[in-house]
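The values are calculated or read from the model by the stated rules, or taken from the named source; none is laboratory data. In this text, all values refer to a predicted model and were calculated from it rather than measured experimentally. Cβ: placed from backbone, ideal geometry, glycine included. Neighbour counts: every protein chain shown. Accessible surface is based on the protein model in full, side chains and every heavy atom, while ligands, DNA and RNA are left aside. Shrake-Rupley method; radii C 1.70, N 1.55, O 1.52, S 1.80 Å.
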Amino acid sequence: MMIPSFLKAYELGQMNVGAAGSKILVVIQLSGGNDGLNTVIPFRNDIYYRERPSLAIAREKVLALNDEMGFNPALSPLKELYDEGLVRVINNVGYPNPDRSHFRSMDIWQTASSSDQYLQTGWVGRYMDAACSGAGGCAPHRAVEVDDTLSLSLKGNAVNGLALLNPKKLYNQTRGGMVKELAQTSSSKTPDNLGYLYKTLAETVSSAAYVYDQSAKSVHQTKGTYPAHELGKRLKTVSELIQSDTVTRVYYVSISGFDTHVNQAGQQERLLRQYAEAVKAFMDDMKATNRQDDVLVMTFSEFGRRVKQNASNGTDHGTANNVFLVGGGLSSSGHIYNQPPDLDNLEEGDLKFSVDFRSIYATLLADWLNADAQAILGNKFPKLDLWS
Amino acid sequence: MENIIKSERLRHLYWRAGFGASPEQWLKEDRPVKKVVEEMLGNKHGFQPLTVVDADQFVRNKTPKKRIAEGGLNRDAIKMRVKENAEHIRDLNVRWVEKMASGEDVLREKMALFWHGHFACRVLNPVAVQHYLNTVRQHALGNFADLLMAVSKEPAMLQFLNNQQNRKNAPNENFAREVMELFTLGRSSGEYTEADIKDAARAFTGWGYNVSGEFIFRQNQHDDGEKTIFGQTGQFKGEDVIRLLLEKKQTANFITGKIYQFLVSEQTNSPEVRSRIKMLAENFYKSDYNIAGLLKSILTADWFYDPKIRGSRIKSPVELVAGMQHTLGLVFEQKQSLIFIQRTLGQVLLYPPNVAGWPGGRNWIDSSSLLFRMKLPDLVLKSGEVTLQPKQDGDVNTELLARRGSDLMHVKLDWNAFESAFSEIKSDQLFEALAACLIPLPLEKTQRELILKTAGKSSSRGERIKNLTIALMALPEYQLC
């Protein structure tokens with residue numbers, strides 16, 4: 001098979017990087033706006049109990065993390081990780097002039113834009129763009145979303161990430177119809193839109209084959225046991241790809257259903273339990289394969305919810321929220337990064353943010369992925385002191 | 001065969017100014033393109049609103065979240081309402097795509113698609129959405145000044161950009177900012193300052209809508225003090241801001257540039273193209289923003305038919321699917337199939353990603369969307385099994401959109417009618433004729449051989465036409481127009 005020259009370049013470029021020992025970021029997106037106040041509960045706060053007469057989690061049920069804050073009981077598997085010193089909670093994460101619409105706020109988180117700015121590329125996509133010019137190479141599989149469609153987060157200018165639910169499914173898609181044969185003709189195409197389509201096709205075929213071969217020749221199945229729900233399956237796929245020593249540096253998964261306007265309690269608990277079970281299984285797996293210090297999981301949602309519950313035993317769209325970091329060799333002291341939300345000091349009933357989410361991105365890009373955060377984010381955001 | 005070559009200009013026109021040509025239209029049309037353009041602009045059928053829900057339903061459809069906050073709805077009633085609303089908007093979406101695919105008044109629908117992306121708006125009240133869409137469609141080929149004023153007064157837009165909350169003592173600048181940044185002058189134009197936005201927001205105070213979904217000017221919430229906007233001072237109202245914006249030549253430049261990118265090419269950096277757009281914009285401004293006049297200048301210009309322009313544009317998902325429907329005379333039996341395709345490919349009509357609309361162009365394409373586009377003819381025309389699931393965006397109000405429907409797409413399609421358009425084409429010219437009808441670029445040898453191999457041996461002429469069509473539609477080249 002003739003390999004187009006631009007593919008050759010990155011296939012060669014990959015040989016020096018990746019593999020065991022390199023740092024990997026896994027992003028878990030909770031879509032719909034997870035209620036942060038019922039996730040990490042300020043269980044000594046009277047305002048919390050006053051504003052949520054039927055939704056507040058009773059003090060005695062909370063899984064205390066310190067004197068003031070504790071996890072929702074559905075997060076007990078995550079509490080185990082916390083007790084092992086693997087979890088870092090960052091409170092009050094948000095951005096100036098918060099937008100309360102799902103799609104817009106998600107846009108902002110995925111593109112790392114300001115609230116009055118519309119970007120067409122995502123922060124992970126621009127991380128890939130930056131890596132394109134360096135030793136990392138330009139292959140789509142440098143960032144993998146375990147899904148059927150690709151999020152804006154993983155779209156760059158020069159390169160897009162790769163969406164796959166599992167390596168075999170994508171591989172089969174590239175074997176169907178005329179896909180493979182057409183991809184082989186890409187080298188003769190021009191840099192116009194036709195050339196772009198063929199280049200994308202060739203990269204897709206090449207990346208699909210790479211990921212499939214890689215997973216086929218090393219680990220077919222992880223030994224770890226995962227819960228049978230969708231997030232469990234997806235993190236299992238992430239684990240298998242990591243264990244296959246692919247050069248993928250960023251994995252992206254999402255779980256939806258957090259838009260709990262009505263009868264929140266059961267719905268949120270079910271989702272939080274799934275989340276915690278899946279992350280626990282994943283970290284146990286990483287531990288068992290000696291990768292727990294190489295892999296860092298970041299979990300976010302597009303916004304938190306209002307402090308005051310609504311009339312339907314639910315909560316409406318809010319602003320600042322907590323972000324979880326798990327693994328990554330974070331120091332074992334000070335699991336909770338900052339102060340709990342200040343419920344005395346709200347803005348029109350919503351939490352005020354104190355940590356810009358782009359500071360978290362900046363920290364992960366610079367200190368974890370060893371990239372130029374300022375170039376990728378388009379601005380300098382103060383880094384958080386996570387590894388000291 | 002000579003006719004086919006001549007028809008390349010026609011195919012280009014049909015694709016750029018509409019949603020492609022059926023073989024019938026394309027093979028039988030013998031008028032010069034100028035005549036066809038005139039007919040497209042002629043509004044032969046008159047404007048027909050699309051209606052899926054009665055206007056008096058606006059009150060009832062006050063957004064469910066608000067009703068929850070007021071404690072006025074119980075859980076089941078809310079769920080039902082959310083579902084009904086989403087279904088109405090879905091029905092409107094499907095009706096609109098079917099209208100695009102019908103081949104009637106195509107330039108209006110094409111430009112309405114452009115204006116929907118330009119005046120991007122996304123709300124949950126189906127009556128407001130329907131009214132907004134019909135306003136955009138009604139003025140699509142009319143006068144931009146009228147369109148801008150009408151859209152600015154749409155309840156959907158006022159709600160989406162928070163002008164309902166823009167009051168004398170608590171101004172909300174969102175609407176004023178987007179009107180300048182996205183609707184008229186452009187973010188990087190340097191034609192306005194933060195101070196202009198502040199005072200424009202004050203001028204728009206009081207613009208809102210009532211419980212029946214009608215625009216109202218609420219005098220008691222209007223700030224009638226003096227404002228200074230673009231160096232002019234007066235007791236301006238919202239209408240004055242629109243007028244001041246239209247007086248600026250930059251508005252004509254900005255709109256013309258965007259229309260050029262939509263209809264002609266995204267490449268606008270060369271001096272030649274820049275001066276071309278400048279000239280078009282000047283005439284547009286002089287014509288007091290006559291959209292039809294601008295379109296006529298573009299669609300009848302020689303440069304519009306330049307071979308470098310033809311086949312250089314990536315079809316948007318809606319153009320792709322409406323085009324397939326129109327070319328083949330195809331109808332989806334389940335509405336959900338059309339929504340599923342839009343969702344998977346990243347363009348759900350009436351649900352734009354944000355007020356800036358869909359970025360378009362190469363942004364439509366990534367590994368998964370390209371593979372799905374190439375698989376689409378197989379799914380639609382050969383009942384291939386659908387194995388993908390688009391992700392949910394987390395909003396309970398749009399859960400309906402992420403549903404896949406059944407694992408097979410059921411369509412109605414009369415292959416005999418499609419074939420009959422080619423009845424005068426000799427067998428050995430069928431491939432050329434179909435390729436010329438469907439593909440905007442000359443095919444290379446490898447592609448030709450691959451198509452012939454994929455289409456395989458056919459037992460009949462009809463089967464051969466079908467197989468060639470399906471194979472041609474699976475090419476990357478078919479993604480272009």
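Worth pointing out:
- Full-extension gain in nm, residue B:59 to residue B:95, via 0.36 nm per residue minus C-alpha separation: 10.6 nm
- Descending Cα extents along the principal axes, segment A:250-299, whole Å: 42, 19, 11
- Of the residues B:157, B:394, B:132, the one whose Cα sits farthest toward the positive end of the charge dipole of chain B, with +1 on the Cβ of Lys and Arg and -1 on the Cβ of Asp and Glu, is B:394.
- With the simple model of a label 7 Å out from the Cα in the direction of the Cβ, residue A:192 to residue B:427 spans 3.6 nm.
- Proximal charge balance of residue A:281 [Cβ under 15 Å; K/R count +1, D/E count -1]: +2
- Listing of segment B:325-368 residues, each with accessible area lower by at least 50 Å² in the full protein assembly than in the chain alone (probe 1.4 Å): B:354, B:362, B:363, B:365, B:366, B:367, B:368
- Distance cut-off 12 Å, percentage of C-alpha pairs in segment B:249-305 lying past it: 62 percent
- Qualifying lysines (Cα of each under 18 Å from Cα of residue B:237; at least 8 residues distant if same chain): B:153, B:168, B:198, B:227, B:248
- Expressed as a whole percent, the accessible area of the protein assembly as shown that falls on carbon and sulfur atoms is 48 (1.4 Å probe).
- For q = 0.13 Å⁻¹, Debye-computed log10 I/I(0) when each Cα of chain B counts as one equal scatterer: -1.26
- With 10 Å bins from 0: P(r) over segment B:339-481, alpha-carbon pairs, percent: 10, 34, 32, 18, 6, 0
- At R0 = 22 Å, FRET efficiency that the Cβ-Cβ distance of residue B:43 and residue B:149 yields, to 0.05: 0.60
- Length gained when the stretch residue B:210-residue B:453 is fully extended (0.36 nm per residue, less Cα-Cα span): 81.2 nm
- Rounded Å value of the spacing that divides the Cα centres of segment B:248-287 and segment A:144-205: 34 Å
- Pairwise label distance in nanometres, residue B:306 with residue A:58, each label 7 Å out on the Cα-Cβ vector: 7.5 nm
- Dipole of the protein assembly as shown, positive direction: furthest Cα of B:18, A:62, B:280, with charges on the beta-carbon: B:18
- Cross-link table A:189/B:426; B:44/B:258; B:83/B:391, entries beyond 25 Å C-alpha to C-alpha: A:189/B:426; B:44/B:258
- Anisotropy class of chain A from Cα gyration tensor, a/c 1.5 cut: prolate
- Pairs beyond 21 Å (Cα-Cα), from B:249/B:315; B:335/B:375; B:335/B:412: B:249/B:315
- Mean Cα-pair separation over length for chain B, i.e. relative contact order, pairs under 8 Å, 6 or more apart, %: 18 percent
- FRET E, pair residue A:311, residue B:102, Förster distance 60 Å, beta-carbon r, rounded to 0.05: 0.85
- Projecting the Cα positions of A:312, A:49, A:301 onto the charge dipole of chain A (unit charges on Cβ atoms of Lys, Arg, Asp and Glu, taken about the Cα centre) puts A:301 furthest along the positive direction.
- About the Cα centre, charge dipole magnitude for chain B (Lys/Arg +1, Asp/Glu -1 at Cβ), debye: 500 debye
- Given R0 = 22 Å, the distance between the Cβ atoms of residue A:50 and residue A:269 translates into a calculated FRET efficiency of 0.50.
- The stretch between residue B:273 and residue B:413 holds 46.2 nm of extra length on full extension. This uses 0.36 nm per residue minus the Cα-Cα distance.
- Between segment A:210-245 and segment B:133-193, the Cα center-to-center distance that results, in Å: 49 Å
- Mean separation of Cα contacts under 8 Å, 6 or more apart, over the residue count of segment A:282-388: relative contact order %: 22 percent
- Taken across both chains, chains A and B shield about 4500 Å² of accessible surface from a 1.4 Å probe.
- When +1 charges are put on Lys and Arg Cβ atoms and -1 charges on Asp and Glu Cβ atoms, the dipole computed for chain A relative to its Cα centre reaches about 860 debye.
- Taking the longest Cα principal axis of chain B as reference, the axis of helix B:317-328 is set at about 40 degrees.
- Anisotropy class of the protein assembly as shown from Cα gyration tensor, a/c 1.5 cut: oblate
- About the centre of its Cα atoms, the protein assembly as shown shows a dipole size close to 1220 debye [charges on the beta carbon of Lys, Arg (+1) and Asp, Glu (-1) only; nearest 20 debye].
- Relative contact order computed over segment B:249-305 (Cα-Cα under 8 Å; 6+ residues apart), in percent: 36 percent
- The label point for residue B:288 and the one for residue A:67, both projected 7 Å from the Cα toward the Cβ, are 7.5 nm apart.
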